[in-house]
1. Just read off the accessible area of LYS35 with the full protein assembly in place, 1.4 Å probe, to the nearest 10 Å².
2. Checking the cross-link filter: which lysines have an alpha carbon closer than 25 Å to that of LYS60, excluding same-chain neighbours under 8 positions apart?
3. Determine Rg/Rh for region 75-117; Rg is computed over alpha-carbon atoms and Rh is the Kirkwood hydrodynamic estimate from the same atoms.
Amino acid sequence: MGSSTVFLMFLNLVFFTMVSSSYTTPPPPPNSKAKCPLDTLKLGVCANLLHLVIIGDPSKTPCCTLIGGIANLEAAICLCTAIKANILGINLNVPLTLELLLNKCNKEVPSGFQCPN
């Protein structure tokens with residue numbers, strides 16, 4: 001092999017290394033399309049969790065059992081829908097009620113989350 005061939009192979013190697021090392025994966029799409037996977041009418045059972053002083057493990061209540069199998073974001077969206085639609089049957093402070101319900105069910109309000117309008 002001639003020196004020019006070796007030089008060209010070296011340049012190709014350097015070029016492909018630079019191109020492949022500068023590529024980054026794009027960020028995930030925003031969660032603006034997240035939806036409540038539950039029938040929000042069933043969330044009426046969560047009103048009991050607000051009225052009762054729970055003795056024992058609150059995560060065993062029907063409300064917590066209902067939202068227990070979904071992600072924090074989905075649970076927050078479901079409860080926002082229920083609170084805003086007054087499915088729980090009482091007028092409530094939305095952010096405070098949302099945090100209270102999620103905390104009682106061992107879930108967290110996602111960082112920066114606000115109930116959709």
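1. Near enough 150 Å² of accessible area.
2. In chain and number order, the partners are LYS35, LYS42, LYS84, LYS104, LYS107.
3. Details: Rg = 9.5 Å, Rh = 10.4 Å.
Result for region 75-117 is an Rg/Rh of 0.92.
The values are calculated or read from the model by the stated rules, or taken from the named source; none is laboratory data. Note that the structure is predicted; figures quoted are calculated from it, not measured. Only protein heavy atoms, including side chains, enter the accessible area calculation; ligands, DNA and RNA are left aside. Shrake-Rupley method; radii C 1.70, N 1.55, O 1.52, S 1.80 Å.
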